[in-house]
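The values are calculated or read from the model by the stated rules, or taken from the named source; none is laboratory data. Keep in mind that this is a model prediction, so the values were computed, not measured. No Cβ is skipped: glycine too gets one built from the backbone with ideal geometry, and neighbour counts run over all protein chains shown. Heads up: the accessible areas ignore ligands, DNA and RNA and are worked out on the full protein's heavy atoms, side chains in. Shrake-Rupley method; radii C 1.70, N 1.55, O 1.52, S 1.80 Å.
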Amino acid sequence: MTLCVGIFGGTFDPFHHGHLTLAADFAKRLHLNQLILLPAGQPWQKAHNTTLNQVSAASHRLAMTRLGAAQLKLPETEIIVATDEIERASPSYTVDTLAAWRKKVGAHTSLSFLIGADQFIRLDSWHQWPRLFDYAHLCVAARPGFSLAAAPPVIATEIAQRTAPAHALCLLTHGLILLDSELALDISATQIRAQIRASRSTLNAAAPPSLPAPIWHYIRQHQLYQSTL
Ligand code: ATP
């Protein structure tokens, strides 16, 4: 039987219920043997100039990803939080990340990269994006406000040619697209950070529905997102 591995990368600032649901959903649909949660290094796009968009320290994002991983109850799936990206000296392109993981897992493993629709509809702006399919499948979760109908024609063509059911992704090693139109979680890390900044007085309240309780406690303990610096 082919080994089936999923990689879910993100800034995870913080790791929230949208991330948890997406990861659990694809892990179950693909019967993943391994799920790799891959917090990004300090991304230059986000770390630049504006204080509002400043990304939290990698140590905090890693800790919150680990707390998120502990929430995932997936008996079939080994969950690994990988530090490769945050230990890297400079940010890497996704295509290079996937090439490296392909090398690690070997040529005969089914490798899937999990992303939200907001990322997928602008995939054609990514460095050497068509090569992503040489290394992995892409699993795309619906996200409110980001319709696949808005994807540019080159992406629409890929959807038409590569979309396949979950079981096909486990049989082949790379090159397919799995669409999950069931997810509809209007949660984003940007929104969560803004809410925390705006409502310091509610910091003593119970965890908001968008965050697992241990991550909310971590945010409070370390006073994350409370100042605009
Ligand atoms: P931000 O609001 O800062 O952009 P985010 O909530 O999108 O953050 P990221 O860590 O950037 O969180 O996302 C990691 C991955 O998870 C991306 O592929 C993103 O599309 C996906 N994702 C995040 N939240 C959702 C959601 N609510 N529904 C579907 N996909 C999501």
Solvent-accessible area per residue, Å², over segment 4-222 with all protein chains present [probe radius 1.4 Å]: 47
Accessible heavy-atom area order of 112, 181, 188, highest first, probe of 1.4 Å: 181, 188, 112
In Å and whole numbers, how far do the C-alpha atoms of segment 4-222 stretch along each principal axis, longest first? 51, 37, 37
Spin-label model distance (nm) - residue 127 vs residue 217, 7 Å beyond Cα toward Cβ: 3.9
Give a quick list of GluC sites (Glu not before Pro) in segment 70-177 that DSSP marks as loop, anything other than H, G, I, E or B, with at most 12 other Cβ atoms within 10 Å. 76
With every protein chain in place, the chain: carbon and sulfur % of accessible area (1.4 Å): 56
Would you please give the FRET efficiency between residue 162 and residue 70, computed as 1/(1 + (r/R0)^6) with r the Cβ-Cβ distance and R0 = 30 Å, to the nearest 0.05? 0.35
Cβ under 14 Å from residue 122's Cβ, residue 122 left aside: what net charge do those residues give with Lys, Arg +1 and Asp, Glu -1? -2
Separation in nanometres of the label points that stand 7 Å from Cα toward Cβ, at residue 103 and residue 134: 1.4
Tell me, what is the 1.4 Å probe accessible area of residue 129, in Å² to the nearest 10? 30
Net charge within 13 Å of residue 211 by Cβ-Cβ distance, Lys/Arg positive one each and Asp/Glu negative one each, not counting residue 211 itself? +1
